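Notes for the one structure printed next.
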Amino acid sequence: RYGSGRSSGGAGCIVPGTRFFVAATFLMPDAPTPPASIEEAIARVTRFREARDWDQYHTPRHLSRAVAVEASELEEEFLWKDDRDVAEHLRSEEGREAVEDEVGDVLISLLLFCERTGIDPLEALGAKLEKTKKKYPVEDA
């Protein structure tokens with residue numbers, strides 16, 4: 001089973017329901033280090049979800065809502081703060097940790113959405129940057 005924490009014995013596998021290939025080394029138990037790639041990040045959040053049997057709740061509709069909710073919680077970290085207060089909040093250990101937690105929540109929700117819908121987040125980023133480049137050329141800036 002994908003996400004079992006053990007290597008399947010092969011070179012890797014396709015993440016179910018997606019186009020993502022995950023190397024067998026990513027099937028090892030999660031270490032406390034950040035993922036080295038977008039594929040590893042998706043594999044980790046997927047394993048986390050599957051280990052808790054949350055897959056049944058993670059529909060595109062629910063995950064898109066989760067992205068919005070988590071982004072709102074990130075925004076809340078800066079609510080009613082002026083630029084000086086924001087800078088101070090980000091310098092404090094407690095404030096920085098709270099903001100990083102919310103960034104992590106947004107990213108987790110977004111990666112799970114991408115995994116569920118088969119959207120490659122880096123391809124989506126590249127395509128959007130190209131569209132935006134045409135819409136807002138440097139010469140007009």
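Where a number appears in this text, it was derived from the coordinates with a stated rule and is not lab data. Remember, it's a predicted structure, so these values are computed and weren't measured experimentally. Neighbour counts run over all protein chains shown; Cβ positions are idealised from the backbone, glycine included.
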Scan the range 55-141 for chymotrypsin sites (Phe, Trp or Tyr not before Pro) in coil per DSSP, keeping those whose Cβ has at most 16 other Cβ atoms within 10 Å, and list them by number. Phe78, Trp80
Any idea how far apart Glu100 and Leu125 come out in nm if each label point goes 7 Å out from Cα toward Cβ? 1.9
Sparse-neighbour loop sites [GluC sites (Glu not before Pro); the range 80-120; at most 14 other C-beta within 10 Å; DSSP]: none
Tell me, what is the FRET efficiency for Ser37 and His89 to the nearest 0.05, using R0 = 35 angstrom and their Cβ-Cβ distance as r? 0.70
Under the Karplus relation 6.51 cos²θ - 1.76 cosθ + 1.60, θ = phi - 60°, what is the ordered set of whole-Hz ³J(HN,Hα) values for the range 102-112, x standing for Gly and Pro? 5, 4, x, 5, 4, 5, 4, 4, 5, 5, 5
Here D for the range 40-128, in µm²/s, from Stokes-Einstein with a Kirkwood Rh over Cα pairs at 37 °C and 0.692 mPa s, works out to 228
Given the Cα-Cα distance of Asp53 and Lys134 and 0.36 nm per residue of separation, how much length would full extension add, in nm? 24.9 nm
